[in-house]
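Undergrad: Okay, here's the structure, questions in a sec.
The values are calculated or read from the model by the stated rules, or taken from the named source; none is laboratory data. Computed from a predicted model, the values in this text were never measured in an experiment. Cβ coordinates were reconstructed from backbone atoms using ideal geometry, including for glycine residues, and neighbour counts include every protein chain displayed. Ligands, DNA and RNA are stripped out before the accessible areas are found, and what is left, the full protein with its side chains, is counted by its heavy atoms. Shrake-Rupley method; radii C 1.70, N 1.55, O 1.52, S 1.80 Å.
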Amino acid sequence: MTITYLKQGKSTGERAEDDAKVRATVESILADIEARGDAAVRELSEKFDGYAPASFRLSEDEIAALISEVSQSDLDDIRFAQDQVRAFAEAQRASMTDIEIETQPGVILGHRTIPVQSVGCYVPAGKFPMVASAHMSVLTAAVAGVPRIVACTPPFKGKPNPAVIAAMHLGGAHEIHVIGGVQAIGAMAIGTETIEPVHMLVGPGNAFVAEAKRQLFGRVGIDLFAGPTETMVIADDTVDGEMCATDLLGQAEHGYNSPAVLVTNSETLARSTLAEIDRILKILPTADTAAVSWRDYGEVILCAGHDEMLAVANDIASEHVQVMTDRDDWYLQNMTSYGALFLGPRTNVANGDKVIGTNHTLPTKKAGRYTGGLWVGKFLKTHSYQRILTDEAAARIGAYGSRLCMLEGFVGHAEQCNLRVRRYGGVNVPYGEGARLPEAAE
């Protein structure tokens, strides 16, 4: 490959060192919550958020009072966004059907799609109140039919953010707790004296939240590893530097460690984008965050052509991939590793984050190589079942099963099959031997 880095961020080694520090911190916090429950959560909330109310769970009256602080126009906008998310999630849910087929005479196989029975939804709000994250997690879980939806969000400027609480409530949350960070993730997964543990955790968050989910995976299910926001712009000379710079910095403002990468085959565009980033950072109100993120994690990669750009993009597997080229559909057909695609200059990641209807909780740190983002199907489990209706089928399948079990040396397994052959097929199978039916029966 002939790629050239016009700008690089932190090295792999430096990023690994940062990750190790996060791991150790999270491990200690989760152990404390396991040992001390509510007392640990309260101390952590007071330490990190300066917030320790009599109860972290909001009452119905408190929820109503907070929603009353949200203007009618903001409530209308929240409802509009939720309508878009709901419509797409309902269409996705309708595509997932139960099945039942008869594979052989008298042999019935099927599967049922069953909602996860309790889900903990984390909605970030420490630096920015992530109203849209409530739509993506709470509302999507509700469309899936999850019977218990617990929502946690940190306080914003010392109190619950009314718009976030409104979005959680309108989305269908059954419990709303004002707790942030690792303490929220730990409380929902491990459980405390006042919070019953959930079966699954979903939602985005910072590096500490993502690491907490990783450490708790197995004890509970998780949607995916959704850490700090990542964005990639794939562009050629059909667009200009201002558009590329705006799309990169628009996501870099999420946090101090949000990778933003430009992949292009145009050196003119690359250098124009770098100049535009410098210009925009002088006037961007969130430049204190975006500038650090761009300095430490921003990259500009110059490639020889579109095939090379595609290879680089699939290797990086970014969370958000904005494609603005003369062949956007070609990228749609050939991209294999990413969170979500945003095709063409009329589209942008912010629309996907807030309103267009697709889910914005997406895989990061190359997880796009093996999973897509959060969607209604993540809240659903597909469980198979089997039923044999006739004696003939029980004996026929049992005979095959018996011999295949003996092939592996599982005599006890074989006897489960042999018993059915003896009982329903009338064939005496000696203990520890594989069953055979008369040829006509098989």
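Undergrad: Any chance you could get the radius of gyration and Dmax over the Cα atoms of the stretch 388-442, in Å?
TA: 9.8, 28
Undergrad: I've got another one for you. In whole Å, largest first, what are the principal axis extents of the Cα atoms in the stretch 222-329?
TA: If we take the Cα atoms of the stretch 222-329, the spans are 40, 34, 20 Å.
Undergrad: Skipping prolines and chain starts, which residues have an amide H placed within reach, meaning under 5 Å, of the one on L262, given they are 5 or more residues away or on another chain?
TA: Hits under the 5 Å cutoff: V233, E299, V300, I301.
Undergrad: Viscosity 1.002 mPa s, temperature 20 °C: Stokes-Einstein D of the stretch 101-171 from its Kirkwood Cα radius, in µm² per second?
TA: So the translational diffusion coefficient is about 153 µm²/s.
Undergrad: Once amide H atoms are built 1.01 Å from N in the peptide plane, which residues 5 or more positions from Y51, or in another chain, come under 5 Å H to H?
TA: So Y51 has HN proximity to E46.
Undergrad: Give the calculated FRET efficiency between T347 and Y431 to the nearest 0.05, with a Förster radius of 51 Å applied to their Cβ-Cβ distance.
TA: Computed FRET efficiency for T347 and Y431 comes out at 0.15.
Undergrad: Something else now. Would you mind checking the radius of gyration and Dmax of the stretch 268-368 based on alpha-carbon positions, in Å?
TA: Gyration radius and largest Cα-Cα distance of the stretch 268-368: 14.5, 38 Å.
Undergrad: Provide the net charge surrounding F217, with neighbours chosen by a C-beta distance below 15 Å and charges set as Lys +1, Arg +1, Asp -1, Glu -1.
TA: Net of charged neighbours comes to +3.
Undergrad: Only Cα pairs within less than 10 Å get springs; with that Gaussian network setup on the chain, which residue of I316, I99, I190 has the largest fluctuation?
TA: I99
Undergrad: Could you work out, for the chain, what percent of all Cα-Cα pairs fall into each 20 Å distance bin, beginning at 0 Å and stopping at the bin that holds the largest distance?
TA: 23, 44, 24, 8, 0
Undergrad: Using only the heavy atoms of the protein chains and a 1.4 Å probe, how would T364, T25, T12 rank by accessible area, largest first?
TA: T12, T25, T364
Undergrad: Something else now. Can you pull the accessible area of Y256 for me, 1.4 Å probe, Å² to the nearest 10?
TA: That residue has around 110 Å² of solvent-accessible surface.
Undergrad: Protein chains only, probe 1.4 Å: how do D296, D240 rank by accessible area, largest first?
TA: If we order D296, D240 from most to least accessible, we get D240, D296.
Undergrad: While we're looking at this one, here's another question. Under 10 Å, Cα contacts only: if you run a Gaussian network model on the chain, which one of M96, M309, M136 comes out with the highest mean-square fluctuation?
TA: Ranking M96, M309, M136 by mean-square fluctuation puts M96 first.
Undergrad: State log₁₀ I(q)/I(0) for the stretch 329-442 at q = 0.10, 0.16, 0.18, 0.20 Å⁻¹ as given by the Debye formula over alpha-carbon point scatterers of equal weight, solvent excluded.
TA: So the normalised log intensities work out to -0.58, -0.74, -0.88, -1.03.
Undergrad: Now for a separate question. Please identify every one of the chymotrypsin sites (Phe, Trp or Tyr not before Pro) in the stretch 365-395 that sits in a loop by DSSP and has no more than 13 other beta carbons within 10 Å of its own beta carbon.
TA: Y370
Undergrad: Tell me, what ³J(HN,Hα) does each residue in the stretch 121-133 have, in order and in whole Hz, if you take phi through Karplus 6.51 cos²θ - 1.76 cosθ + 1.60 with θ = phi - 60° and put x for Gly and Pro?
TA: With the stated coefficients, the stretch 121-133 comes to 9, 9, 10, x, 7, x, 8, 10, x, 7, 3, 5, 5 Hz.
Undergrad: Could you run the Karplus curve 6.51 cos²θ - 1.76 cosθ + 1.60 with θ = phi - 60° over the stretch 64-79 and give me ³J(HN,Hα) per residue in whole Hz, x for Gly and Pro?
TA: 4, 5, 5, 5, 5, 7, 8, 5, 4, 5, 5, 4, 4, 5, 4, 5
Undergrad: What's the lysine pair count for the chain at a Cα cut-off below 17 Å, pairs eight or more apart or interchain?
TA: 14
Undergrad: Then there is this: Against the 2.2 N^0.38 Å scaling, with N counting residues, where does the stretch 51-93 land? I'd like the Cα-based Rg ratio to two decimal places.
TA: Ratio of Cα Rg to 2.2 N^0.38 Å: 1.61.
Undergrad: Then there is this: What share of the DSSP beta bridges in the stretch 147-303 is antiparallel, in percent to the nearest 5?
TA: So the antiparallel bridges in the stretch 147-303 amount to around 5 percent.
Undergrad: Find, among the trypsin sites (Lys or Arg not before Pro) in the stretch 309-403, those assigned to loop by DSSP (not H, G, I, E, B) with at most 16 other beta-carbon atoms within 10 angstrom.
TA: R327, R346, K366
Undergrad: Percent of Cα-Cα pairs more than 25 Å apart in the stretch 132-271, please.
TA: Summing the P(r) tail past 25 Å for the stretch 132-271 gives 39 percent.
Undergrad: Please determine, in degrees from 0 to 90 and to the nearest 10, the orientation of helix 12-36 with respect to the longest principal axis defined by the Cα atoms of the chain, where the helix direction is its Cα long axis.
TA: Taking the Cα atoms of the chain, the angle to 12-36 is about 70 degrees.
Undergrad: I would also like to ask the following. If you take every DSSP beta bridge fully contained in the chain, what fraction is antiparallel? Give it as a percent rounded to 5.
TA: Antiparallel bridges: around 35 percent, rounded to the nearest 5.
Undergrad: Of H111, H383, H199, which has the most accessible area and how do the rest follow, probe 1.4 Å?
TA: Highest to lowest solvent-accessible surface, that is H199, H383, H111.
Undergrad: Additional query: What is the distance in Å between the Cα centres of the stretch 145-174 and the stretch 28-78?
TA: 9 Å
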